[in-house]
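Comments concern the structure below.
The values are calculated or read from the model by the stated rules, or taken from the named source; none is laboratory data. None of these values were measured; they are calculated from a predicted model. Cβ sites come from the backbone with ideal geometry, for glycine too, and all protein chains shown count toward neighbours. Protein only, heavy atoms only, side chains kept; ligands, DNA and RNA dropped before computing areas. Shrake-Rupley method; radii C 1.70, N 1.55, O 1.52, S 1.80 Å.
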Amino acid sequence: MQLFGTSGIRRVADKDLIQLVLKVGLAVGKVYGSVVVGSDTRTSSEAMKHALISGLLAAGSKGYDAGVIPTPTLAFAAREFDAGAMITASHNPPEYNGIKLLNPDGSAFGSDQQNQIEGMILNDSLSAAVWDKIKSSSLYSGAVESHIERILQDFPGGLKLKVVLDCGCGAASVVTPYLLRKLGCEVVALNCYPSGFFPHPIEPTESNLGDLMRATREFGADLGIAHDGDGDRMMAVDDKGRFIPGDKLLALFAQETETKEVVTTIDASMAIDEMGFNVTRTRVGDNYVSEELKKGGDFGGEPSGSWIFPHISLCPDGVYAAAQLVAIASQQKLSVLVDSLPRYPLLRGNVSSEGVVISKLERQLMAMEPLSVSTIDGIKLSFEDGWLLIRASGTEPKIRVTAEAKSEARVRQLYDKGIGTIRECMKGNKEK
């Protein structure tokens, strides 16, 4: 049984998850002597946070409660501790919850660290400390203020822009509105209060941000900004009220911050490769981007909205990204910048993974006769005029399909071929 996915542990919040989080606390507490703990705004987060801290204390570790804060804010605070633990299910629906474990540099626990914790739990090798070694918990205040103060060091004040901000009632509600006002912005707040009852699906995709796009147009704002549940993601709307795709934001950040070395994921647009950057690609997942950035790189990100600025932290920081985007918009209209960036037709979607025979899927995809194949994450087929990526989701029982090409007709052909091949490879279909 594997406990950790690509973004920590994440599942529907119930009795089993509460018990698992207690065990995670016992395991982490045996290895790390001081752990700072934060949580998002989900209704189950408070109960889970106390279960985790109870495990830490029982194991003999010292637990510090930082309250409701975004994941990047916790990651920045973790530099003062042996580890950080964030109670969140990020962009999943409100009935989900989970836990992300972080190192002092903001990076997620690597596979060796996860395997160590997982092994202790699955082997039932957990035990409490003797009575005189059990610690007490403490409140850790000032995490929000410290994060804001550090971000302000990189940006001038007086950025007199009008910004529509949708925090989705997530953890960024306690940071981003105040940061933007300190930068001099007029903030039109949508859903910028903490609540476990999200006003719309919390993943910041175009289909979920209709209110933000309308408000940006109606208020005549310079831009709109949206976060996910724990504030590690940031997506945006330009001054015309148009959603900015993640691939465009990736290129925009890299270009406007004068980046030389970019780390991104295998599903990012090929446009980034044509802009003169030294590009390194990883498996899909911000933890893989973060791991690669440890080896070097100026900036990293993935099209889902995770942006990593390694001089601050190796954790995706949607709050810092919001400040960076406002600074960029203060120099030139985002619509002009976005329209100047290269773009190819790109389609993303998914289908249920239930019943899919992976070996058959790979065999049939190879019949498309690609020029090259990458298997660092799923299977990516590259052609002279585009590419097709099919990979299993690390957080949901789905297969992700991404296609990009130099024409609308070709990208639709590649995408439909990918979807059709998956359906052909479901159990019950006859071998062809």
Please specify each residue of region 286-325 satisfying the condition of being assigned to a helix (DSSP H, G or I) and either within 19 Å of A172 (Cβ to Cβ) or small (G, A, S) (or both).
D286, S290, G318, V319, Y320, A321, A322, A323, Q324, L325
Given D112, D124, which one is assigned to a loop (DSSP other than H, G, I, E, B), acidic (D, E), more than 18 Å from the chain's Cα centre (by Cα) and within 19 Å of I9 (Cβ to Cβ)?
D124
Is at least one residue of region 401-415 outside any helix (DSSP H, G or I), in contact with a Lys or Arg (Cβ under 6 Å, 6 or more places away or on another chain) and farther than 30 Å from F277 by Cα?
no
Meets criteria (open to solvent by less than 30 Å² (accessible area, probe 1.4 Å) and over 30 Å from T216 (Cβ atoms)) for L371:
no
Taking only region 216-270 into account, find how many residues are open to solvent by 10 Å² or more (accessible area, probe 1.4 Å) and over 22 Å from L347 (Cα atoms).
14
In region 375-387, which residues are under 23 Å from the mean Cα position of the chain (by Cα) and not basic (K, R)?
T375, I376, D377, G378, I379
Search region 324-339 for residues that are free of Cβ contacts under 8 Å to residues at least 24 places away in the same chain and pair each with any residue that is surrounded by fewer than 19 Cβ atoms within 10 Å (Cβ to Cβ) and of a type in the set (V, I, T) when their beta-carbon atoms are under 7 Å apart and the residues are at least 6 apart or on different chains.
none
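Only residues that are assigned to a helix (DSSP H, G or I), in contact (Cβ under 8 Å) with a residue 12 or more places away in the chain and exposed (fewer than 15 other Cβ atoms within 10 Å of the Cβ): list them for region 147-177, please. Quick ask: steps written out before the conclusion?
Taking region 147-177 first, the residues assigned to a helix (DSSP H, G or I) are 147-152, 171-174, 176-177.
So of that shortlist, the ones also in contact (Cβ under 8 Å) with a residue 12 or more places away in the chain come out as 147-148, 150-152, 171-174, 176-177.
If the condition is that a residue be assigned to a helix (DSSP H, G or I), in contact (Cβ under 8 Å) with a residue 12 or more places away in the chain and exposed (fewer than 15 other Cβ atoms within 10 Å of the Cβ), then R150, L152 are the ones that fit.
Of the residues that sit in region 388-410 and are buried (at least 22 other Cβ atoms within 10 Å of the Cβ) and closer than 23 Å to P342 by Cβ, which one is farthest from the chain's Cα centre (by Cα)? Write out each step before concluding.
At the first step, the residues of region 388-410 found to be buried (at least 22 other Cβ atoms within 10 Å of the Cβ) are 388-390, 399, 401-405.
From what's left, closer than 23 Å to P342 by Cβ: 388-389, 401-405.
Working: L388: 23, L389: 20, V401: 18, T402: 18, A403: 21, E404: 22, A405: 26 Å.
Taking the candidates together, the pick is A405.
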Would a scan of region 71-81 turn up a residue that is at pLDDT below 95, open to solvent by less than 30 Å² (accessible area, probe 1.4 Å) and within 22 Å of G285 (Cα to Cα)?
no
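Here is a yes/no grid of residues against (1) at pLDDT 95 or above; (2) closer than 20 Å to V319 by Cβ; (3) touching a helix residue (DSSP H, G or I) at 6+ places or on another chain (Cβ under 6 Å):
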site	(1), (2), (3)
V21	yes, no, yes
H91	no, yes, no
Y96	yes, no, no
L102	yes, yes, yes
G110	no, no, no
Failed item, numbered, when Y288 is tested on (1) surrounded by fewer than 24 Cβ atoms within 10 Å (Cβ to Cβ); (2) in contact with a helix residue (DSSP H, G or I) (Cβ under 7 Å, 6 or more places away or on another chain)
(2)
Is it true that some residue in region 2-16 is at pLDDT 95 or above and either open to solvent by less than 30 Å² (accessible area, probe 1.4 Å) or closer than 19 Å to N287 by Cβ (or both)?
no
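Results for (1) under 27 Å from W307 (Cβ atoms); (2) touching a residue at least 60 places away in the same chain (Cβ under 8 Å), shown as yes or no for each residue.
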residue	(1), (2)
S34	no, no
S45	yes, yes
A59	no, yes
K62	no, yes
V68	yes, yes
A77	yes, yes
E80	yes, no
Those strands (runs of 3 or more DSSP E) completely within region 1-108 that have 3 or more residues that are not basic (K, R) are 34-39, 62-68, 83-87, 96-102
For the list (1) within 17 Å of the chain's Cα centre (by Cα); (2) farther than 28 Å from E396 by Cα, I need the number of the one condition that T265 fails.
(2)
Tell me, yes or no, whether region 126-147 has at least one residue that is in contact with a Cys (Cβ under 6 Å, 6 or more places away or on another chain), under 19 Å from H227 (Cβ atoms) and not basic (K, R).
no
When the residues of region 336-349 are narrowed to those that are surrounded by fewer than 17 Cβ atoms within 10 Å (Cβ to Cβ) and outside any loop (DSSP other than H, G, I, E, B), which ends up modelled with the lowest pLDDT?
G349
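I want to confirm something. Restricting to region 199-252 and keeping residues that are assigned to a loop (DSSP other than H, G, I, E, B) and of a type in the set (V, I, T), which single residue is farthest from K100 (Cα to Cα)? I'd like the intermediate steps shown before the answer.
First, the residues of region 199-252 that are assigned to a loop (DSSP other than H, G, I, E, B): 199-205, 209, 219-222, 228-232, 238-242, 245.
Okay, now just the ones that are also of a type in the set (V, I, T), so 202, 205.
Values: I202: 18, T205: 22 Å.
It comes out as T205.
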Selection count, region 374-387, where residues are part of a strand (DSSP E or B), of a type in the set (D, E, K, R) and either under 14 Å from R410 (Cα atoms) or open to solvent by 30 Å² or more (accessible area, probe 1.4 Å) (or both)
0
